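The values are calculated or read from the model by the stated rules, or taken from the named source; none is laboratory data. All values reported here derive from a predicted model rather than from experimental measurement. Backbone-built Cβ (ideal geometry, glycine too); neighbour counts: all protein chains shown. For the accessible areas, the whole protein counts, side chains as well, though only heavy atoms, and no ligand, DNA or RNA atoms are used. Shrake-Rupley method; radii C 1.70, N 1.55, O 1.52, S 1.80 Å.
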Amino acid sequence: MLAFLFFFPFWAYAQNGKPEQKVLEFYQKYMAACAQPSMDEPNRELDGLFCNMDIKNYVTSQLYKKIIHAYKTGVYGDLAGDRDYFTHTQDSSVEWTSGMKATKIKENSNNAVVRLFMSFPSEAGDPLAVCVRLHRESSVWKIYQVDSSLYTDLPDCKDK
């Protein structure tokens, strides 16, 4: 029993995963979902806003509601210009996932900042990075903000 009590905190922490792993997992699934035509009936109200992917396991409920609200009220462009909120690009490709690298910039017990670097094929443009901010909810890392890269294509993610 003593061994269980000693190792349980380490096991519980391992179950949470690392924030940079969660970011890569989300972006790989998101980009793959955006590349696939949906076989399901799309949510006509949201018009495939999240590429018909259930992202609630990856983003906080506050971010989900914020994006839905912005879309429904016609101010989605205020979140990321004319770009996708998560990638801050106008287009995306599943091929880009092979050039992604997530680096943890900062982490404390409940918050983390991860810089997602995206290296594109030469015909797709220059490298880009976004700052992904996460919060731990019930021991799961969830995205609560993706900082715009409108000011610099390779932000350092340390200014907030």
With every protein chain in place, segment 41-138: carbon and sulfur % of accessible area (1.4 Å): 45 percent
query: Among the lysines, which have Cα under 29 Å from the Cα of Lys106 when same-chain residues fewer than 8 positions away are ignored?
result: Lys18, Lys22, Lys29, Lys56, Lys65, Lys66, Lys142, Lys158, Lys160
- prompt: Once phi is turned into ³J(HN,Hα) by the Karplus curve 6.51 cos²θ - 1.76 cosθ + 1.60 with θ = phi - 60°, what whole-Hz value does each residue of segment 59-67 show in order, with x for glycine and proline?
  reply: 10, 5, 5, 5, 5, 4, 5, 4, 5
Amide H contacts under 5 Å for Met100, placed H, 5+ residues apart: Ser119
statement: Given a Förster distance of 35 Å, the FRET efficiency implied by the Cβ-Cβ spacing of Asp54 and Glu123, rounded to the nearest 0.05, works out to 0.65
task: Could you size up the charge dipole of segment 44-128 around its Cα centre, putting +1 on the beta carbon of Lys and Arg and -1 on that of Asp and Glu, and report it in debye to the nearest 20?
output: 500 debye
- prompt: Out of residues 5 or more away from Gln145 or on other chains, whose amide H comes under 5 Å of its own, with H placed 1.01 Å from N in the peptide plane?
  reply: Arg133
message: If packing is taken as the average number of other Cβ atoms within 10 Å across a peptide's residues, how do 103-114, 65-76, 85-96 rank, most packed first?
response: 85-96, 103-114, 65-76
task: Enumerate the calculated ³J(HN,Hα) couplings along segment 72-86 in order (Karplus 6.51 cos²θ - 1.76 cosθ + 1.60, θ = phi - 60°), each rounded to whole Hz, writing x wherever the residue is Gly or Pro.
output: 5, 8, x, 10, 4, x, 5, 7, 8, x, 9, 10, 5, 4, 7
